[in-house]
Structures are given as structure tokens and as C-alpha cells.
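> Below is one structure. I have some questions about it.
Laboratory data are not the source of any read-out in this text; all were calculated from the coordinates shown. Bear in mind that the values here come from a model prediction, so they are computed numbers and not experimental data. With ideal geometry, Cβ positions are generated from the backbone for all residues, glycine too; neighbour counts draw on all protein chains shown.
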Amino acid sequence: MQSIDKITLERIKTADHQEVRELMKKCYPKIQDPSWSKKELKKLTTIFPDGQVVIKVDGKIVACALSIIIPYKLFDDKHKYLDITGNDTFNTHTIDGDTLYGLDLMVHPDYRGLRLGRRLYDYRKELCEELNLKSIVFGGRLPNFHKFDDISAKEYIDKVKRKEIHDPVLNFQLSNDFFVKRVVKNYLPEDEASESYAALLEWANIYYAKPTKVYKPEKSVVRLGLVQWGMRPYKDFNDLTEQIEYFVDAVSGYRADFALFPEYINAPLMAEFNHLSEPEAIRKLAGYTDRMRDVFAEFAITYNTNIITGSMPEFIDDTLLNVGYLCKRNGEIERYEKIHATPDEVKVWGMNGGTQIKTFDTDAGKIGILICYDVEFPELSRLLALEGMDILFVPFLTDTQNGYSRVRNCAMARAIENECYVAVAGSVGNLPKVHNMDISFAQSVVFTPCDFSFPTNGIKAEATPNTEMILIVDVDLDLLKELHEQGSVRTMKDRRTDLYDLKLKKSSSK
């Protein structure tokens, strides 16, 4: 092939019509009268100019893609090519449709080593996303099918998928993330090489949002505010909540969508009960929990920030639990529980494990919340990921560095294996007058999956160790969508559910 100076992708112009027709003759030499008429090309470029593009190499048209927009619900999966085109009138095209339908895509035989077909497919995908269409659909030829008399079209496609048969068209389409919806008979009668069969192929737009009459913006970039809380003595309840409000105000000033507080946020109030035994003191502290929840709920509305309250003890019906609240900025309040009490919580306080495992829908994505020790049990976060969790929040409290390392390393693993963001926030400082809660070690972090769109070490940002501060971090939920479908590895999609599965033994919602 001669040297190339310039490759361009352009809309088809009237002056290109004859050259496009000549290209089709080169691409389909065995199909009788394969040329697009000037009338047909003019109609397509008039009703949908963005859908008709060519690639020029040094000014010569060597590749072309033609498409229309259709309301797919008006056609079933057994449709023929002429059904889609309205017998080549293209009256089926409508800007109100939901599907980009590929009419043709061709590359000159002499230029098929330049990945020009991939460029055209990439253009169609970008167009589909830009126009908020649900998918790209087209009938793919099976040019080698005529060579196999002893198998059906379905068997042929299956063998191509398993790499037992090479089909230059279908192999290429499958490598470009299209999947086969079904086999269509008599799709294009004049296609003798395919014996008139076609593989109906589809590429789903993961960014598609169903149109609604009510405007509801979807956030892509979500801002997280992690509060690395300083444990220290406070005079009373009001003094403590004043400091909490200071941090909520600070996080809100950065327009954060979430404020995350650590585990046992109200532990300093236990100082007034230090003359009691540890089990009695923690139960007295639980008497503040409802008031704390109500204060957080008020702050969430006042400062327009969704607040994850960390956790607080709850004592109801002689049962001691470690619980927290998601206080949404729209006024809603939802509750979560620590499922696994640590051996120390059980031994010293008589803490019980909770039963509620669920995700939470918010105005900034679907989230999960696991309290400290719970993040060390991978089954919990996987259950949340299967419900579509985007961000996992982990409020924690650890006294030693090895305890912190367990939380940190497990949280990092959860981000990778569940293809989600994980935000962990803990406490620093000390409480000299509170038994069993004297010192704290923390470094708050936001973890990401490890792929090209994310930091190579899986760390989006981290706070200074053992320093009271806030950490403000932006995370992009669209990157997770891309990872789910197009990542280097796809841990959620590639699970061998034919061999193993994971499910709750009973409903955990309350």
C-alpha cells in the first residue's frame, strides 16, 4: 500500500455520491446491482446527515457508513432489511426513534488493514451516545456461510463465536462489542454468499436514559466529603453537635454530595458515664442516638448535603446494636446496621450483629454502607454490588495501625472486585476518660478500581494520617459504566454463575 498523508472522517456530500456508489461495487462484487442510487443517498443525507459518513484517505473515499434512526418497538427481531428501510424509501426514519439502525458499512478491499471499519463503528457508538439512543442494531452478513452445507445458520454463528470457523464480517463485529440477538432468514435475498441469512447484531448504549416528561438531571461526577474526625473531650451534647455542624458546613461549602462521618461519632459523650461499667456506659450513650439522628437530619437539609452519620449505639428491646443513618438532603432518613460485631465489641459491651443488608438510592447514585469490620467480609459488598452499588461508604474506628491496615486493604480489594468506588473515613485523637475507647488511628481514603480510567494504584485521594481534616474527592460514575462493559477485566460480568452464586438466606430489609 502506498504511503498515507491524511485520513479524515466526514459527512457525505452531494459531490461524493458517485464515488460512494463505486466503492460499493468494489466491496460487493458478487451482489447484483449493489450500488446505492444518487436519489437514495440524497434522501439519507437530507433526513439524517450525521448518520451518513465516509472516510477519505488522501482525499479518496475508501470507507462508508450509512444509518437511520427507527422506533424499534414497531419492528420485531424477525424483520427484513426492506422492512427497516420502508422498501428503500427511508420513511421509517424518525428523530423520535430510540435505535440507530446500520444500513451499510463498507471498506475498500485495498484499505482493510487500517482499522477503518473500527473508526466507523466508534463514530456510530459516539453518535448513539450523543443522541441518547438505546442501541445500535443491524443485520450482519455471513459471507462464508455458503461454504458449509452440513450446518445451520445458528450452528455456523456458534462456531464463529467459538473460533472454530472464521467469518471476516461476524468476527469483526463481535470484536467491536456487538452481540447476536438472533438469526434472521431471508434478511437480504440477493446476498447469495450468506444464503440470505443475517445475524441480527446489537450494541447497547450504557449511557442511555429513558426520556421523561419530568426533567431529572443525572449526576455523573459525584463529590465526596470525608470527615477525619478528631476524638477529644466535649463539654456536652451541644458542644459535640456544634463541632459536627462545623464540618458539615465546611463540606457543604465545597458543594459535596455526601458527607461521611466515622464509626462511634458520639463516643466522646460516654465520658460522663465513665464511672459505670463498660456495658452500662455504652447503653447510656445509646440514649443520645435519636437526638443525634435528628440533628444530622436537620443539617442534611440546611446544608444541602447527604450525610452518612458514621455509627452510634442503639439499645432497643434489650438488644444492643451498632447503627447509623443516611440523612438525605431531601429530608428522607434511612437506617443501616453493623452486621458483624467485632470480638472486642461482643466481649466488652455485649454488642449484637445486625441483619439489614441493602443498598440506598440517592440523588447522586446507588450507594452501600458497611461499618468498619463489615468491609472485611467480601460477601456483603458483593451482595450490594449485585444490586447496582456505585459507591461503598465505610465509616470505621480503629485503635492500632494493624487494625487500620485490615480495613484499608480490604476496602481496596472491595473496590477492585466489585467495580465500585470505596470511601473510608475514621477518627483520630484520643479519649482519655472513656474506657475501651482511648486511642484512634486513621487515614481516610477513596479507593477506585485499577484500570486505565483510574489511578494505577487504585487510590483516588487520601488524607494525612492521624490529622483532623476533611478530604474532598470527585468520582465519576460514568467511568464505572465503561468499566463494567469495556474494562480490561470485568469481574462482575465474568463471574462463573454456572458454578457458584451468592444470595441472602432471607430478606434483610426493615
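> Straight-line reach from Lys505: which lysines have Cα under 19 Å away, leaving out those fewer than 8 places along the same chain?
Excluding near neighbours in sequence, the set is Lys338, Lys358.
> Which Cα, out of Phe237, Ala411, Thr94, lies furthest along the positive dipole direction of the chain (beta carbon charges, K/R +1, D/E -1)?
Toward the positive end, the furthest listed residue is Thr94.
> Take each of the peptides 44-50, 373-379, 392-398, average the number of other beta-carbon atoms within 10 Å over its residues, and list them starting from the highest. Intermediate values should be presented prior to the final figure.
Numbers: 44-50: 16.0, 373-379: 19.3, 392-398: 27.0.
Taking the mean over residues of other Cβ atoms within 10 Å, the ranking is 392-398, 373-379, 44-50.
> Next question. Could you give me the ³J(HN,Hα) list for region 481-492, computed from phi with Karplus coefficients 6.51, -1.76, 1.60 and θ = phi - 60°, whole Hz, x at Gly and Pro?
Here the 3J(HN,Hα) series is 4, 5, 4, 4, 9, 10, x, 4, 10, 10, 5, 6 Hz.
> Same structure again: Highest mean first, how do 150-157, 167-174 rank when packing is the count of other Cβ atoms within 10 Å averaged over residues? It would help to have the intermediate numbers written out before the result.
On the way: 150-157: 15.2, 167-174: 19.2.
Ranked from most to least packed, the peptides come out as 167-174, 150-157.
> Here are some pairs, Lys433/Lys506; Lys30/Lys60; Lys125/Lys493; which of them have Cα atoms lying more than 32 Å apart in this structure?
Values: Lys433/Lys506 42 Å; Lys30/Lys60 23 Å; Lys125/Lys493 21 Å.
Pairs exceeding 32 Å: Lys433/Lys506.
> Arrange Cys410, Cys450, Cys372 by Cβ neighbour counts within 10 Å, fewest through most, would you? Walk me through the intermediate numbers first.
Working: Cys410 20, Cys450 17, Cys372 27.
Listing Cys410, Cys450, Cys372 from fewest to most nearby Cβ atoms yields Cys450, Cys410, Cys372.
> At a threshold of 8 angstrom on Cα-Cα distance, excluding pairs fewer than six apart, so keeping six or more, what relative contact order does the chain reach in percent? Present the calculation step by step, with values, prior to reporting the outcome.
Details: 1009 pairs, mean separation 54.6, N = 510.
Reported relative contact order: 11 percent.
> Another question about this same structure. Between Asp294 and Arg11, what is the label-point separation in nm under the 7 Å Cα-to-beta-carbon projection?
Roughly 6.3 nm, to one decimal.
> Among the listed pairs Lys134/Lys163; Lys26/Lys56; Lys43/Lys78; Lys25/Lys163; Lys39/Lys78; Lys38/Lys134, give every one whose C-alpha distance is greater than 21 Å. Provide the component values of the computation, followed by the final result.
Details: Lys134/Lys163 29 Å; Lys26/Lys56 16 Å; Lys43/Lys78 26 Å; Lys25/Lys163 30 Å; Lys39/Lys78 28 Å; Lys38/Lys134 30 Å.
Pairs exceeding 21 Å: Lys134/Lys163; Lys43/Lys78; Lys25/Lys163; Lys39/Lys78; Lys38/Lys134.
> May I ask you to evaluate 6.51 cos²θ - 1.76 cosθ + 1.60, the Karplus curve with θ = phi - 60°, for each residue of region 446-463 and list the ³J(HN,Hα) values in order in whole Hz, giving x for glycine and proline?
10, 9, 10, x, 10, 8, 4, 7, 10, x, 5, 9, x, 10, 6, 6, 8, 7
> Using semi-axes √(5λ) of the Cα gyration tensor in Å as the read-out, say which of (i) 50, 22, 20; (ii) 45, 31, 22; (iii) 59, 23, 20 was calculated from these coordinates.
Working out semi-axes √(5λ) of the Cα gyration tensor in Å from the coordinates points to (iii).
> Once the Cβ-Cβ distance between Glu195 and Glu379 is put in as r, and R0 is 60 Å, what FRET efficiency do you end up with, to the nearest 0.05? The partial results should precede the final answer.
On the way: r = 50 Å, r/R0 = 0.84.
Computed FRET efficiency for Glu195 and Glu379 comes out at 0.75.
> Turning to a different aspect of this structure: Add +1 for every Lys or Arg and -1 for every Asp or Glu among the other residues with Cβ under 9 Å from the Cβ of Ser196, and state the total. Could the numbers behind the result be given before it?
Numbers: positive: Lys185; negative: Glu190, Asp191, Glu192, Glu195.
Net charge in that neighbourhood comes out at -3.
> Would you mind giving the average projected area, over all directions, of the Cα convex hull of region 221-486 in nm² with one decimal?
Details: hull surface 50.2 nm².
So the Cα hull casts an average projection of 12.5 nm².
> Select from Val53, Pro143, Leu127 the residue farthest towards the positive end of the dipole of region 7-204; place +1 on Cβ of Lys and Arg, -1 on Cβ of Asp and Glu, and compute about the Cα centre.
Val53
> Using a 10 Å cut-off around each Cβ, can you sort Phe237, Phe452, Phe138 from fewest to most neighbouring Cβ atoms?
Values: Phe237 15, Phe452 11, Phe138 24.
Taking fewest neighbouring Cβ atoms as first place, the list is Phe452, Phe237, Phe138.
> Ranking Trp36, Trp203 by Cβ neighbours within 10 Å, fewest first, what do you get? Don't skip to the answer; put the middle values down first.
On the way: Trp36 18, Trp203 21.
With the sparsest Cβ surroundings first, the list reads Trp36, Trp203.
> Using the alpha-carbon centroid of each, what span in Å lies between region 58-74 and region 316-386?
Centre-to-centre distance over Cα atoms comes out at 51 Å.
> Would you work out the charge dipole size for the chain about its Cα centre, treating the Cβ of every Lys and Arg as +1 and the Cβ of every Asp and Glu as -1, and quote it to the nearest 20 debye?
Values: 67 positive and 77 negative charges, 320 e Å.
Dipole about the Cα centre, nearest 20: 1540 debye.
> Once phi is turned into θ = phi - 60°, what whole-Hz ³J(HN,Hα) does the Karplus curve with 6.51, -1.76 and 1.60 give for every residue of region 143-157, x standing for Gly and Pro?
Residue by residue, region 143-157 yields x, 9, 5, 5, 7, 10, 7, 9, 10, 7, 4, 5, 5, 4, 5 Hz.
> Measuring from label point to label point, each 7 Å out along Cα→Cβ, what is the Thr400 to Ser220 span in nm?
4.7
> Below 8 Å, C-alpha to C-alpha, sequence gap of six or more: please give me the relative contact order for region 1-119 in percent.
Contact order relative to length: 27 percent.
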